[in-house]
Every structure is written in C-alpha cells, then in structure tokens.
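Trainee: This structure is in structure tokens; I'll ask about it shortly.
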Amino acid sequence: MFGRLRPSLQRESLVSSKTANELRDSHVILSCEGTAEQVIVDKLVGADVTIFPADNVIAVTRMRKAAEIQEEFLDYDYDWPVSVLRVLDSRKERFRLGNLYADRFPVHSFITHPEIEILVIIREGEWERWSKSGARPSIYCKQQMKMKDVKSRPFLEGYWTPELIAKAAVEYRRLSKIPRGELCLADLIDTGKILKIA
C-alpha cells in the first residue's frame, strides 16, 4: 500500500482549460460501466474532489446506452449546461446521442483501460508483476493477490478512500501508455481538493 498523495505526484489534468471550465460551470450526469466505477465515482463526488462541484451532479448511474440516458435525463429543459461523463474501460464502446441531443449535451469519456481493477494492482504495488503476467487485472487480483471480492460493493466501499483513489489514478496515468487526447480517471479528480482533505 502506498502513502499520502504528495504535491510532487500532481500533474496538470489533460482536460483542456476550455473543457475544464465547461465542466466547472456544467451540471453532470456520470455514466459508470460497473459497480467498481460507480463506487469510485460516488466516493469522489461524495468528498467533492472532482473537477466539477459535487452540487452540480445530476446523477451517477449505471445506464450506459445513449438512448437510456436521453430518455431518463436529457428530455428536460435545463436552465444550465449539462454534460454527460462516461467512466468505462473500453476505448471502443460506441456512444452517440441522437440528433436532438448531440449539440446540446457534450459527452466526455474517462477511460480506465484495461479494467478499473488496475487501480487495486497499483495500490498494492503489483504493477510490475502484473504487467509481466499477461492476465486481465480482475483475474490477477483474484488469482495472484487472493482478492476474491475485488468486484463486490462491500469490498470496494471498505478498500477505497478518495485520497487512495486519487493516488492510484495519478500513478496509473504515470505508468500507462495512454493515447494522446484520451482522458483517464485522474483527469476527473481535482488533486488540489484532495490535498486539502488529506
């Protein structure tokens, strides 16, 4: 397990200043791929350490299809800008809002490739061994690290704090070969806010 988030580990977010300002002034709908993503996002929002104010969150949902999100959240006349933020591991998953919505509601994807469980591997100092194993992160956690409940909500709730999420996410960004222009979980976190609560 690693220590506290240090200022030296901070790096500017890859979110452009225009997008960062857009998100600070926008209300957001967070679409999470699975339980782990939802627990992590809930913890970050609950601690108000995201790049947008926690009060601006309309919903954190497991809905992933554009049509479902449109029907549930976008068929309203909001008095403020609204953005859809997706937290998922797939770089190829298609998500396209309909013509009536696409220009009104910006969509940003924060990728946790190859799987969100990579953050557990980083937290436990297993990156080097995992990277040589060829195993998917969730399988590695279960088989090599004996973390059988790595995908369960109770495990995740007890395992992660906002500070630990931020530290693992920043380290992931440092260690990974993230394609140019791709956003990752670290870009969703305001590390300045994390340092204030740490």
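Trainee: Could you check region 1-35 and list, in sequence order, the residues that are in contact with a Lys or Arg (Cβ under 9 Å, 6 or more places away or on another chain), open to solvent by less than 20 Å² (accessible area, probe 1.4 Å), part of a loop (DSSP other than H, G, I, E, B) and at pLDDT 80 or above?
Mentor: Result: G34, single match.
Trainee: Still on this structure: All but one of (1) part of a helix (DSSP H, G or I); (2) in contact (Cβ under 8 Å) with a residue 40 or more places away in the chain hold for E71; state the number of the condition that does not hold.
Mentor: (2)
Trainee: Could you list, in sequence order, the residues of region 131-160 that are open to solvent by less than 60 Å² (accessible area, probe 1.4 Å) and closer than 24 Å to L44 by Cα?
Mentor: P137, S138, C141, M147, V150, S152, F155, L156, Y159, W160
Trainee: Before we move on, is K167 more than 30 Å from L74 (Cβ to Cβ), open to solvent by less than 20 Å² (accessible area, probe 1.4 Å) and among the basic types (K, R)?
Mentor: It is true that K167 is more than 30 Å from L74 (Cβ to Cβ), open to solvent by less than 20 Å² (accessible area, probe 1.4 Å) and among the basic types (K, R).
Trainee: What are the pairs with Cβ atoms under 7 angstrom where one residue, in region 121-133, is free of Cβ contacts under 8 Å to residues at least 24 places away in the same chain and the other, located anywhere, is of a type in the set (V, I, T)? Sequence gap at least six, or different chains.
Mentor: From region 121-133, the pairs are W130/I121.
Trainee: Being within 22 Å of E163 (Cβ to Cβ), of a type outside the set (G, A, S) and open to solvent by 40 Å² or more (accessible area, probe 1.4 Å) narrows it down to one of D103, D48, D75, D79, so name that one.
Mentor: On inspection, the qualifying residue turns out to be D48.
Trainee: Name the helices (runs of 4 or more DSSP H) wholly inside region 133-190 in which the number of residues that are among the small types (G, A, S) and closer than 20 Å to L88 by Cβ is 2 or more.
Mentor: 162-175
Trainee: Something else about it: Identify, from the list F95, F110, the residue that is of a type in the set (F, W, Y), open to solvent by 30 Å² or more (accessible area, probe 1.4 Å) and within 18 Å of the chain's Cα centre (by Cα).
Mentor: Only one candidate passes the filter, namely F95.
Trainee: Here is a further query. Among the residues that make up region 64-72, is at least one of them in contact with a helix residue (DSSP H, G or I) (Cβ under 7 Å, 6 or more places away or on another chain), of a type in the set (A, V, I, L, M) and either modelled with pLDDT of 95 or more or surrounded by fewer than 17 Cβ atoms within 10 Å (Cβ to Cβ) (or both)?
Mentor: Among the residues of region 64-72, not one is in contact with a helix residue (DSSP H, G or I) (Cβ under 7 Å, 6 or more places away or on another chain), of a type in the set (A, V, I, L, M) and either modelled with pLDDT of 95 or more or surrounded by fewer than 17 Cβ atoms within 10 Å (Cβ to Cβ) (or both), which makes the answer no.
The values are calculated or read from the model by the stated rules, or taken from the named source; none is laboratory data. Quick caveat: nothing in here was measured; it's all calculated off a predicted structure. Cβ atoms come from the backbone with ideal geometry, glycine included; neighbour counts cover every protein chain shown. The accessibility values were calculated without ligands, DNA or RNA, using every heavy atom of the protein model including side chains. Shrake-Rupley method; radii C 1.70, N 1.55, O 1.52, S 1.80 Å.
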